1. Of the residues 188, 272, only one is more than 25 Å from residue 89 (Cα to Cα) and modelled with pLDDT of 90 or more; which?
2. Can you tell which of 85, 55 is in contact with an Asp or Glu (Cβ under 8 Å, 6 or more places away or on another chain) and in contact (Cβ under 8 Å) with a residue 24 or more places away in the chain?
3. Could you tell me whether any residue of segment 309-319 is within 14 Å of the chain's Cα centre (by Cα) and buried (at least 24 other Cβ atoms within 10 Å of the Cβ)?
4. Which of the residues spanning segment 233-263 are in contact with a Pro (Cβ under 7 Å, 6 or more places away or on another chain) and either of a type in the set (Val, Ile, Thr) or buried (at least 24 other Cβ atoms within 10 Å of the Cβ) (or both)?
5. Can you tell me which condition residue 352 does not meet? The list is (1) touching a strand residue (DSSP E or B) at 6+ places or on another chain (Cβ under 9 Å); (2) surrounded by fewer than 18 Cβ atoms within 10 Å (Cβ to Cβ), and all the others hold.
6. Of all residues in segment 104-163 being of a type in the set (S, T, N, Q) and closer than 17 Å to residue 72 by Cα, which is surrounded by the most Cβ atoms within 10 Å (Cβ to Cβ)?
7. So, in segment 18-45, how many residues would count as being in contact with a Gly (Cβ under 9 Å, 6 or more places away or on another chain) and assigned to a helix (DSSP H, G or I)?
8. Please go through (1) surrounded by fewer than 18 Cβ atoms within 10 Å (Cβ to Cβ); (2) modelled with pLDDT of 90 or more for residue 60 and return the number of the only condition it doesn't satisfy.
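The values are calculated or read from the model by the stated rules, or taken from the named source; none is laboratory data. Just so it is clear, the structure is predicted and the values come from calculations on it, not from any experiment. No Cβ is skipped: glycine too gets one built from the backbone with ideal geometry, and neighbour counts run over all protein chains shown.
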Amino acid sequence: MTEALPVLLVFVPFLAGLGQFVLGRAAPWCQQFVSGLNLILVLLLSSAVVHGDPVIADLGGWGEPLAIHLQADGLAALMLLLTAVLAVAVSLYAIPAFRDEPRPAWRFWTLWPLLLASLNALFLSRDLFNLYVTLELVTLGAIPLVLLAGPNKTVDAALRYLLFALLGSLVYLAGVALIYAQAGTLDLALLPAALPEGTLSGPLAAALIITGVLIKGAILPFHIWLPAAHGNAPAAVSAILSALVVKAAIYLLLRLWTGPLEPLVSNGAGQLLGALGATAILFGSWQAFRQSRLKLVVAYSTVAQLGYMLLFFPMAVTAAWQGAVYHGLAHGIAKAALFLAAGNILYYLGQDRLEALRGIDRPLAVSLLAFGLAGVSIMGLPPSGGFTAKWLLLSASLQTGQWWWTTVLIAGGLLAAGYIFRVLRLAFLQADDATAPHHGPVPGPLMAWTATALALLALALGLISAPLLDLLGEMPGGTS
């Protein structure tokens, strides 16, 4: 029964999305059922991983090296947990958010389960080519979701996203082709023993794969498409993109770096990725502070927060491994809360320009509470999950004698405090009656409290980190 769980996690949401597409009508209740079932399946799978070895599903019944495997270990289980929790929250939020828009609603309720299935398949894949296929499916599911806000707002952003995604795919696939030419297999478990030593094509293949993943993950300097896509998409879609879609590429990089690419990469490559991460933290945070639109503030914050996960690569010890992965988990929950809270503000005001935020503290008290609590984790303040993650990264920097990453962590936290408090300050200022913006209805309880529940969970992650870090375990093949 346990071996069937990975298969169900892929095919149940896929069939749900396909069914709604064939019927030609939105069925939100179907996605609520699928999201709940998906969460139950992930909890069962995580329990099996905790109490035993990785769970492996052998598709097709072929032996090595032709077998297609789905595998769940601690890293995959954590990413599946993040996806499952956000699937429930975003699906609940989307019911009232898309209630008055039947055509976008049908598209959302059709594409969202297909994207969920693609994410599950990516986290469970154990083959370089299948990782490529699932990463493409994630991209093809995400780009149409960006367009749900209307072509006038998002067509340029979606096209830019598509072009960058295609470039990343081609570069990644070139690296996969070189790996296969050398090893004769693409199975992640077989590659370390199959790759020949001392050839120049191995490091070249690793460089191509890493570069392709960086492009698809919107890591600076390949972030150009991200702010427009995340800043103009509907709030539920922005939450999915920021918390899950770009995180999938970073997951892939972590998986490959600590697996088949480990003998092909050098310490210099790790330092280069760390430098890119540090630059992303500082540049993205500064850009977030400079923005005049709320959703662009949150979008540039994503550029910055992804940089923290890259700090693992120059340090490459267990503390850095746990800190990077836990940061991905905490950031996913907190950033989804920020985008949903920002969506509530946009729903109420009809715009998200910062100068229009004055005086919304009373009608949108719950949404502002969600924004502030989620901001605590983004800043890395205790007792949030963001604090736990950054503490682990700081410990790793001191353990490895690379103190300069500590300065980046501190500077990033201070800059995050700047753009979070800038928003909150404006929201609590008294509005001028003569210039007060027109507004629409106050978001309903489901929209407001879904964002708040995620923000509270981002705080709680700092208090329940022990079992989650135990599930993740030590860095594969690394040092403590």
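1. From the options 188, 272, the qualifying one is 272.
2. 55
3. Yes, there is a match, as at least one residue in segment 309-319 is within 14 Å of the chain's Cα centre (by Cα) and buried (at least 24 other Cβ atoms within 10 Å of the Cβ).
4. Matches in segment 233-263: 258, 260.
5. Residue 352 satisfies all of (1) touching a strand residue (DSSP E or B) at 6+ places or on another chain (Cβ under 9 Å); (2) surrounded by fewer than 18 Cβ atoms within 10 Å (Cβ to Cβ) except (2).
6. Across segment 104-163, the extreme among qualifying residues is 120.
7. 3
8. (2)
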